[in-house]
Amino acid sequence: MAKVLIADDHAVFRAGLRQFLDDVPGVTTVGEAATGNDVLDKLREDAWDLLVLDINMPDRSGLDILRHVRAGHERTRVLILSGYPERQYAINVLRAGASGYIAKDADPEELLKAVR
């Protein structure tokens, strides 16, 4: 059973992704964070299996959050979800420790594969 934390500064996007993830078998809990500091607070409060992280967050960069997760929450996988072109950012975030990278305009089936 998986607990998934969605970190994105756009409420409508979080709501849509939450609705999508609520229908994924095996996902038991979906949490939300709107800022980088909110993400770090949620990580301190609870253990998460997957963090779906926007690379462009208010008050902290997604890369900074990724480094924090890799340093203190080794069991949490991080899927970077971004509006930036894949070829521009994917290699850098994978090298920094992300489990995957997917563009926000990806097909829902691709997102489902990445979450699994």
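The values are calculated or read from the model by the stated rules, or taken from the named source; none is laboratory data. Note that the structure is a prediction, hence the values are computed from the model and not measured. When we count neighbours, we look across all protein chains shown, and the Cβ atoms used for this are built from the backbone with ideal geometry, even at glycine. Accessible surface is based on the protein model in full, side chains and every heavy atom, while ligands, DNA and RNA are left aside. Shrake-Rupley method; radii C 1.70, N 1.55, O 1.52, S 1.80 Å.
What the Cβ-Cβ distance of residue 10 and residue 70 gives, at R0 = 30 Å and to the nearest 0.05, is a FRET efficiency of 0.75. With 0.36 nm allotted per residue and the present C-alpha distance subtracted, the residue 99-residue 44 stretch has 17.8 nm of extension available. For the chain, the per residue solvent-accessible surface stands at 55 Å², with DNA, RNA and ligands left out and a 1.4 Å probe. State the percent of C-alpha pairs, over all pairs in region 63-116, separated by a distance greater than 12 angstrom. Above the 12 Å cut-off, region 63-116 has 63 percent of its Cα pairs.
3J(HN,Hα) couplings calculated from phi for region 88-103 with the Karplus curve 6.51 cos²θ - 1.76 cosθ + 1.60 (θ = phi - 60°) are, in sequence order, 7, 10, 4, 4, 5, 6, 5, 5, 7, x, 5, 7, x, 9, 9, 7 Hz; Gly and Pro show x. Computed over Cα pairs, the Kirkwood radius of region 1-47 leads via Stokes-Einstein (1.567 mPa s, 4 °C) to a diffusion coefficient of 119 µm² per second.
Taking the DSSP beta bridges with both ends in the chain, the antiparallel portion is around 10 percent.
In the assembled protein chains, residue 113 presents an accessible area of approximately 150 Å² (probe radius 1.4 Å). Applying the Karplus relation 6.51 cos²θ - 1.76 cosθ + 1.60 with θ = phi - 60° to region 2-16 yields 3J(HN,Hα) values of 10, 10, 10, 10, 9, 10, 7, 7, 9, 4, 5, 5, 4, 4, x Hz, where x marks Gly and Pro. Apolar share of the accessible surface for the chain: 48 percent from carbon plus sulfur atoms, 1.4 Å probe. For the pair residue 109 and residue 24, label points projected 7 Å from Cα toward Cβ lie 1.7 nm apart. For semi-axes √(5λ) of the Cα gyration tensor in Å, computed directly from the structure shown, the correct entry in (1) 28, 15, 10; (2) 30, 23, 14; (3) 18, 17, 14 is (3).
Stokes-Einstein diffusion for region 27-74, with the hydrodynamic radius set to the Kirkwood value over Cα pairs and evaluated at 20 °C in a medium of 1.002 mPa s, equals 196 µm²/s.
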